[in-house]
Amino acid sequence: MPVRLLIVDHTALMRRVLSACFDDMPDVEVAVARDGEDALELTQSFRPDVITLDINMPKMDGLTCLAHLTDLWPCPVIMVSSLTEKGALATFEALELGAMDFVAKPGGTVSLNMDQVFDELHHKVRAAARANRLATACATDVLPAHLEGWVGTGTRERTAACR
């Protein structure tokens with residue numbers, strides 16, 4: 001089952017660069033949105049497993065979008081922005097609103113150096129997708145077959161693993 005990744009960024013160049021980051025990963029299906037409103041609409045049809053979200057966007061900024069996403073489509077969100085770096089106020093706001101993690105754009109709003117963070121982004125998207133699938137399995141009490149041996153076969157073992 002492919003990981004469905006929604007990339008939300010207001011610049012076409014960054015959407016292309018971030019999408020290209022996952023070109024060599026055939027098990028990742030990518031969709032893109034140009035702003036928060038577009039993301040909320042696309043979430044309904046695309047049903048992403050993970051979302052990357054910029055902060056500075058027209059119509060609806062990333063933090064407002066994040067607040068709506070937690071109610072509309074709860075899934076892991078990774079903030080990818082020039083404003084989200086360790087210790088930054090925007091990072092704390094995003095984490096408080098429900099973001100799972102963040103990746104700082106290394107060269108500002110339109111970063112031509114994104115290849116510097118591709119490995120970090122790959123790792124965080126994969127970890128977020130795994131967490132989402134495990135959380136979904138725990139909520140439905142049905143674990144994917146590849147996790148059965150890890151947590152046992154009984155409901156009690158599944159429930160314990162999900163705590």
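The values are calculated or read from the model by the stated rules, or taken from the named source; none is laboratory data. Computed from a predicted model, the values in this text were never measured in an experiment. Methodologically, a virtual Cβ is constructed for each residue, glycine included, from the backbone with ideal geometry; neighbour enumeration extends over all protein chains shown.
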Problem - Flag for Cys21 being at pLDDT below 95 and in contact with a strand residue (DSSP E or B) (Cβ under 7 Å, 6 or more places away or on another chain) - result: no
Handout entry: Residues of the stretch 42-64 classified as over 13 Å from the mean Cα position of the chain (by Cα) and within 13 Å of Ile78 (Cα to Cα), total
Key = 2
Practice task
Could you list, in sequence order, all residues of the stretch 102-145 that are closer than 17 Å to Pro2 by Cα, modelled with pLDDT under 75 and polar (S, T, N, Q)?
Solution key: Thr136
Practice task
With respect to Asp119, determine if the residue is of a type in the set (Asp, Glu), part of a loop (DSSP other than H, G, I, E, B) and over 23 Å from Thr136 (Cβ atoms).
Solution key: no
